[in-house]
Structure formats: structure tokens, C-alpha cells
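Worksheet: the structure to be examined is printed underneath.
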Amino acid sequence: MSEKEHTCGCDNALYQELNAFIASVPRTRDSLIPVLHKAQALFGYLPVDLQEYIAKALDVPASEVYGVVTFYTYFTMQPRGRHTINVCLGTACYVRGAKQVVEAFSELLGIKIGETTPDRRFTLTAQRCFGACGLAPAVMINQDVHGRVNPKKVAELLEQYK
Amino acid sequence: MTVNLTIDNQPVTVPKGTTILNAARSIGIKIPTLCHMEGVVSPGSCRVCLVEVEGARTLLPSCIAQVGEGMIVHVNSKTARTARRTSVELILANHPLDCNNCSRNNNCELQTIASDMGITASRFPRLVQEHPLDLSTSGLTRDMSKCILCRRCVTACQNIQQVGVLAAQKRGFATIIGGGAKANLAETTCVQCGQCAAVCPVGAITEKDAIADVWAALDDPKKHVVVHTAPAIRAALGECFGMPAGSRVTGKMVTALRRLGFDKVFDTNFAADLTIMEEGFELIKRLTDAVRDKKAVALPQFTSCCPGWINFAETFYPKSLPYLSSCKSPMQMEGPLIKTWYAQKAGIDPKDIVVVSVMPCTAKKHEANRPEMVDSGFKDTDYVLTTRELGKMVTAAGIDFVNLPDGRADELAGESTGAADIFANSGGVMEAALRTAYEVITGRELPFPSLHVASIQGLDGIKEAAFKLDGCKPEFSFLEGVTVKVLVAHGLGNAHKVCKKLEAGDLAEYQFVEIMTCPGGCIGGGGQPRMTDDNVRRARIAAIYSEDESRTLRKSHENPEIKRIYAEFLGEPLGHKSHHLLHTTYTPRQ
């Protein structure tokens with residue numbers, strides 16, 4: 001497999017850095033988790049073709065690499081967007097309409113919770129209470145907390161994040 | 001070094017390093033197991049073998065925990081019994097309970113253990129995972145709804161075969177055994193060997209069932225249904241009816257097949273003898289080209305009887321393909337000959353003939369469905385049954401197998417020699433080929449006691465033999481003094497090692513290499529009665545060699561039906577007709 005076939009839209013330089021890291025560790029299955037950590041740090045996520053690349057490089061079955069990636073919640077196979085929208089679905093937010101807020105984000109962006117828009121601008125996530133009940137329904141975008149969000153405000157909110 | 005301990009108040013002395021499980025077994029205490037397989041490291045995942053060890057912080061899985069000096073073990077304490085029972089109850093809470101509709105009904109390790117423990121009701125709420133059936137391959141069916149996550153199949157696929165398709169994915173309650181990101185088996189590098197199915201304790205992995213198709217053919221008065229049975233079946237079929245491993249049931253098998261309603265009962269052994277003629281002469285031709293004519297020839301020649309090995313070579317070592325004999329497997333020689341030679345002799349239109357083969361193998365189902373296997377002008381093999389499936393059909397027909405009289409295979413494609421019998425064992429194809437090739441080259445019998453090449457027999461993973469050719473016939477004088485070196489490997493983990501040597505150019509001094517996918521060869525095939533231990537393999541191997549030794553004719557070229565088919569139909573080995581019907585080509589695949 002050539003590096004070119006595995007650019008996944010990313011820079012070849014990332015592969016070069018990954019290769020350098022792989023070259024610095026023993027070519028055994030013991031190196032799998034450190035290599036996955038490095039790859040996720042470089043690429044932001046671990047798509048299947050990157051997993052297959054690592055499997056070949058370490059001579060570990062691809063099914064086992066996939067097994068490790070899906071075992072640890074730290075590893076993700078979803079690309080992350082530049083901005084992460086985190087809608088609170090805790091009790092207070094929920095009773096004040098957080099579900100409709102999530103649905104509005106979802107509809108506007110065309111993605112479900114846990115997914116990323118094809119242009120990698122946004123990743124939509126949801127969480128139980130993040131302790132801003134007084135602002136319910138609350139939404140965090142990156143590190144910014146937005147309070148009293150309602151479905152009508154969603155489009156305007158997104159405009160602030162390019 | 002030995003260790004003394006007490007198990008359920010019985011003193012026991014065992015070698016250091018013995019597991020508590022085996023120490024208990026040695027004094028007749030049976031501890032249930034589900035994930036354990038003899039001879040490989042247990043994953044310890046099922047928790048069905050827990051025992052109480054005084055002074056230990058927790059209960060220990062006896063399949064992993066080793067004995068210690070002075071250890072006091074309780075298998076039959078309330079704590080241990082309850083823990084084991086709870087483990088089984090938890091597995092059952094997450095397992096479909098439609099046992100009557102399962103292919104493993106009355107032959108299921110989980111069912112047996114639950115019954116032994118006297119479990120009649122579940123204390124836990126049921127939480128069954130629904131997964132779609134994987135019917136994507138010709139050989140295997142995977143129903144992950146029934147999987148108990150014991151990981152035996154993972155051990156078989158990753159550690160023994162080193163094909164690396166199956167692994168545990170996800171975690172906790174969502175855990176599933178699968179082929180990684182690939183949704184179904186057909187998209188993976190699975191070679192269909194079926195070792196996963198052979199070790200599955202429940203009905204999660206089984207062969208793709210052909211029983212209904214075969215009954216339909218038998219019930220169709222317009223069809224002339226012909227069956228033939230692989231060498232390994234006769235040493236294992238009896239186990240389906242409670243006979244001990246290693247029972248030779250050749251004659252009963254023939255009678256049972258007639259009673260099932262097959263119109264002709266042939267023997268794949270006939271085609272095994274034919275394979276030796278074709279493959280032996282192919283080897284002699286390659287040697288002639290290389291030694292006498294100094295041509296660039298792919299040597300060593302590799303055997304090609306094993307469909308799992310073919311899939312493996314095509315997938316993982318495409319560069320090895322020129323080294324593979326072009327001979328089809330015996331099954332795929334027998335099929336087209338039945339639809340041409342036999343059809344002609346019997347005056348039957350081949351379109352009305354249904355060829356059923358009984359194989360110890362799941363990859364054979366894949367092989368029969370290869371698009372190129374239509375050289376008779378029809379599908380050369382219509383249906384493949386595993387040994388287990390034939391056992392089920394015999395049972396369903398109400399045939400008292402154990403007490404059947406012996407029968408004899410039908411003429412034309414049913415006669416065989418001892419050389420064909422030993423195809424079932426690792427090292428057997430090689431020995432059979434040497435019996436004929438040596439005699440063709442020197443005019444004398446293979447100079448070993450009882451015609452056996454002892455160093456390539458048995459269960460060692462990679463085996464070798466070497467001997468010098470002398471006194472060659474004049475036409476083979478160029479081989480005078482040549483040392484013949486042969487290599488035999490079984491289990492795909494060992495095949496990996498051999499193929500890596502081939503790629504590195506380290507096999508140049510060898511002339512012939514035999515590879516069998518399954519540990520032990522076909523006697524340990526993925527379609528054989530299930531077993532997880534080498535003693536069963538050894539018993540079957542011994543049965544096959546005694547079958548061979550019981551014969552008057554033990555060399556393929558002495559088979560009168562082989563002589564006849566060359567005289568009346570095929571002409572000569574490697575001739576035009578042979579080339580068309582008995583040889584094939586291989587395709588690299590990703």
C-alpha cells in the first residue's frame with residue numbers, strides 16, 4: 001500500500017511523521033496502542049484505511065486493530081470538525097427544550113449526534129448536565145457556553161463559527 | 001518437578017505447570033469449560049471453570065491457574081458451584097433459547113453444561129443481542145446472536161491459522177466477534193477453512209447447510225444422484241453416532257449412502273489416486289525441465305489438493321502461485337469425470353446427474369462454487385456435505401449406522417488404493433506421491449518399511465524427508481544421485497512460515513512441498529465432527545494408516561480403475577483431456 005492511496009484528504013507529511021514514529025517502536029503488537037495514540041494525535045481520528053495502514057506496518061491483523069480502536073472510547077473513528085457543538089441533555093435543559101435544540105442543529109447541519117459535517121466544520125455531540133442549569137437549555141461550542149438557546153437561535157449561533 | 005496439592009480433599013501429584021483443570025481431570029473430577037481448548041493458552045473468558053483456592057483473593061479460572069505446592073482447591077464447594085452456575089446463567093440470559101431450532105441441538109456444549117448443572121430456569125432478565133446472519137460465503141454461516149464470546153474461534157483464526165480475520169470488536173455488552181470494519185466474511189481475507197466452526201461450542205459458526213438441497217435432489221426422480229466421499233470421512237463419521245474416535249467405518253459409510261438413496265456411491269479416493277498420477281507426473285516433468293533441460297521452472301512444486309491452502313496462497317502469497325501444482329483437488333477431478341466418463345459409460349445425460357461430495361471441509365463448499373469449476377460443461381460438483389452434515393442425514397433417515405453391514409463402492413470411479421487413504425493425514429499426499437514417483441523413476445518400490453515415510457507423519461507442524469535417487473531407469477539417468485528433499489506443513493500458521501521461506505528463496509534445495517490447511521490434515525478438517533484435542537486427531541490418523549495397511553494395493557498407479565480410465569478415456573497423465581478436465585489455474589486476490 002502506498003502512502004498516496006492513504007492520504008484520506010490529509011497531508012502526506014502526517015504519514016511521514018507517523019512512519020517515523022512506527023520506525024522508532026518495535027514491530028510487534030505491543031506497539032499497537034502507542035501507534036494508535038500517535039496516529040489519532042496526528043490525524044484527529046482513526047479511519048479504517050488508516051487502521052489498515054497501521055495493521056500492515058505492525059504486522060497485526062486489521063481485525064485486531066479495529067478491535068482495539070472500538071474497545072477504547074478514547075479512540076474515535078469519526079473525524080472531528082473544527083468546532084465541537086456540545087448540547088446539554090441534562091434534566092434541566094431537557095425539560096426546557098434541549099431535545100428540540102439538538103434536532104435543530106441536526107437538521108440544519110444534516111448530521112446526527114456523534115457525526116461531523118462533510119466540510120469538517122462542525123461535530124455535533126451531546127452530554128448530560130455540564131453544570132449550567134441556570135442557563136438551560138445550554139449549548140457549548142468549543143469552550144463557549146451559550147445559554148437559553150432555542151431552535152430559532154441555532155442558525156445565528158452557527159454563523160459565529162467559521 | 002512435581003507439585004502436591006489437594007482437590008476436593010483428594011491428594012494429587014502433577015508436574016509443575018499443570019493447570020488446576022488438568023490436575024482435577026487426572027483424578028476424575030470434571031470441571032466444565034467453554035472457552036478452553038487443549039494445547040493452546042485459554043483466554044479465560046467464559047468463567048465457567050471457576051474454582052475456589054484457599055488463600056486466594058478471588059475464585060480462579062482453573063483452565064489458566066496453575067497448581068501450586070500445598071494448594072487446597074475446592075471444585076465442589078458452595079461458593080465455586082454457585083459462581084460457575086451464575087456464569088452459565090449469565091451466558092444463557094444473553095443467548096437465544098430456541099434450542100429445538102438450532103443446528104447444534106443435542107450437540108451443544110452450552111446446552112450440555114446447563115443441563116449438567118441442572119439449570120431449569122433463568123434468574124436474570126433476558127437481554128439478547130440481535131445480529132444479522134452472515135451468509136456471505138459459500139462455506140460458513142455466522143449467527144452472532146448465538147455467540148457466547150468464548151473466543152475459541154478467535155484463537156483458531158488468529159493463533160493457530162494466523163489468518164487474522166476474527167477478533168473481538170467493541171466492548172462490554174456490545175462486544176461482538178467479527179472481521180473488523182468488514183461487515184461480512186466474504187469481504188475479509190477468510191480462507192473458509194472452518195476451524196472456527198470446528199471449535200465453536202454453540203451454533204454461532206457452522207457450515208453453510210446443503211442438506212436440504214441434497215434431500216431435494218434425492219427426492220427428484222428425474223435426477224441421477226451420485227455421491228463420493230473424501231478419504232478423511234471414513235475415519236471420523238462413526239463419531240457422529242457415538243463410536244470412538246479412530247473407528248474405521250468405510251463399509252458402513254457406503255451402505256448408509258446407498259440406504260439414503262444415492263444412485264451411485266463412488267469414492268473420492270479414486271480421484272486421489274488420479275491426482276497422484278497427474279501431480280506425480282507433473283513433478284517429474286518439472287524436474288526433467290529443470291535438471292535435464294536446464295529450463296527455468298518453478299520448484300519446489302507445492303501440492304494443490306487443499307482448497308483452504310489455495311485460498312490462502314491466492315490471498316496472502318500470490319507470488320507462490322506458479323509453484324502450485326496445476327492439478328485440481330481430488331473432489332474437483334471426481335466431479336467432471338462423473339459428468340463425462342461415467343455419464344458416457346452409463347448412458348446418462350450429464351444434465352440429469354447431480355454430484356454430491358462428502359468432505360471433511362468447509363472450504364470445499366467454496367471450491368465447488370468457483371466459477372471456473374465447470375469443465376464438464378456443467379457445475380462439476382453440485383453439492384458438498386461436511387462429515388457432520390452426512391451424519392445428520394443418516395440420523396434423520398433413521399439408519400442404525402453402528403450396526404450396518406459393510407458395503408463396497410461402485411465400479412468405474414470407486415476403486416482406490418492405500419495411497420489414496422492417506423491423503424487424509426498431513427504428510428499423506430507427499431507419501432502417496434513418493435510411492436508412485438519413486439517407482440516411476442527407479443522401477444523399484446519406495447525403500448522404506450511398510451512404504452511409510454516416517455519423518456513426515458504425525459502432528460509436528462513442519463516436517464521433512466530427504467533421500468538419494470540411485471539406480472534410476474535409463475530415461476531418468478539425469479536424476480541419478482539427486483537428493484530428493486520434501487517438506488510437509490499443516491496448519492496455516494506453519495504455511496505462513498513455509499511461504500515466507502519460499503519468498504526469501506530458502507526452499508531452493510527442496511523439490512516438493514505439501515501444505516494442508518487444517519492441523520493434522522483433512523482428518524482435523526473444519527467439517528469433521530467437532531473436537532478440540534490432539535488425541536482425537538491422533539486416533540483418526542492411526543485409523544487412516546491402518547486402512548492403508550489393510551489394502552493389497554497401496555500405490556496409486558496400481559489402481560486398476562486408474563489404468564482403465566487412462567486406457568479408455570484420458571490417454572496419458574498430463575495429456576490433452578487431463579489438461580482440460582483435471583487441471584486448473586489460480587488467481588491472485590486481494
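The values are calculated or read from the model by the stated rules, or taken from the named source; none is laboratory data. Everything numeric here is computed off the predicted structure, so don't read it as measured data. Positions of Cβ are backbone-derived with ideal geometry, glycine not excepted, and every protein chain shown enters the neighbour counts.
A few remarks follow.
- Filtered by the rule that a residue be buried (at least 19 other Cβ atoms within 10 Å of the Cβ) and in contact with a helix residue (DSSP H, G or I) (Cβ under 9 Å, 6 or more places away or on another chain), region A:92-110 gives A:C93, A:A98, A:V101, A:A104, A:F105, A:L109.
- Inspection of region B:201-221 identifies no residue that is touching a His at 6+ places or on another chain (Cβ under 8 Å), under 30 Å from B:V48 (Cα atoms), in the same structural domain as B:V163 (by TED's automatic domain parsing) and not β-branched (V, I, T).
- Spans of helices (runs of 4 or more DSSP H) in region A:48-107 with at least 2 residues farther than 14 Å from A:C129 by Cα and hydroxyl-bearing (S, T, Y): A:62-71
- Considering region B:177-277, the qualifying helices (runs of 4 or more DSSP H), each wholly inside and each with 3 or more residues that are of a type in the set (K, R) and more than 30 Å from B:Q158 (Cβ to Cβ), run over B:250-260.
Okay, residues lined up against (1) in a helix (DSSP H, G or I); (2) on the phi > 0 side of the Ramachandran plot; (3) within 35 Å of the chain's Cα centre (by Cα):
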position	(1), (2), (3)
B:G55	no, yes, no
B:E69	no, no, no
B:V73	no, no, no
B:R81	yes, no, no
B:R84	yes, no, yes
B:L90	yes, no, yes
B:R104	no, no, yes
B:G118	no, yes, yes
B:P125	no, no, no
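- Subset tally (residues that are more than 14 Å from chain B (Cβ to nearest Cβ) and crowded, with 17+ Cβ neighbours inside 10 Å) for region A:63-91: 9
- Residue that is nearest to the other protein chains (Cβ to nearest Cβ) [pool: residues in region B:125-155 that are of a type in the set (A, V, I, L, M) and in contact with a strand residue (DSSP E or B) (Cβ under 8 Å, 6 or more places away or on another chain)]: B:V154
- Look at region B:428-446: where a residue is under 12 Å from B:F512 (Cβ atoms) and in the same structural domain as B:D460 (by TED's automatic domain parsing) and a partner is among the acidic types (D, E) and surrounded by fewer than 18 Cβ atoms within 10 Å (Cβ to Cβ), sitting 6+ places away or on another chain with Cβ atoms under 9 Å, you get B:Y438/B:E445.
- Residue that is farthest from B:R151 (Cα to Cα) [pool: residues in region B:1-42 that are in contact with a Ser or Thr (Cβ under 7 Å, 6 or more places away or on another chain) and in a loop (DSSP other than H, G, I, E, B)]: B:K16
- Within region B:107-138, being farther than 16 Å from B:V48 by Cβ, free of Cβ contacts under 8 Å to residues at least 24 places away in the same chain and surrounded by fewer than 11 Cβ atoms within 10 Å (Cβ to Cβ) holds for B:T120, B:A121, B:E130.
- Among the residues listed as B:I276, B:I205, the single one being crowded, with 23+ Cβ neighbours inside 10 Å and touching a Gly at 6+ places or on another chain (Cβ under 9 Å): B:I205
- Within region B:208-254, if we keep just the residues that are among the small types (G, A, S) and without any contact (Cβ under 8 Å) to a residue 60 or more places away in the chain, the residue that is surrounded by the most Cβ atoms within 10 Å (Cβ to Cβ) turns out to be B:A216.
- Residues that are more than 8 Å from chain B (Cβ to nearest Cβ) and within 23 Å of B:T175 (Cβ to Cβ), drawn from region A:36-49: A:L36, A:H37, A:Q40, A:Y45, A:L46, A:P47
- Flag for B:Q158 being within 13 Å of chain A (Cβ to nearest Cβ), in a loop (DSSP other than H, G, I, E, B) and out of contact with any Phe, Trp or Tyr (no Cβ under 7 Å at 6 or more places or on another chain): no
- Number of the condition not met by B:M373 [criteria: (1) aliphatic (A, V, I, L, M); (2) surrounded by 24 or more Cβ atoms within 10 Å (Cβ to Cβ); (3) under 30 Å from B:A313 (Cβ atoms)]: (2)
- Pairs with Cβ under 9 Å, 6+ apart, first in region B:167-187 and facing chain A (nearest Cβ under 9 Å) and more than 13 Å from A:T70 (Cα to Cα), second of a type in the set (S, T, N, Q) and surrounded by 14 or more Cβ atoms within 10 Å (Cβ to Cβ): B:K182/A:S63; B:K182/B:T188
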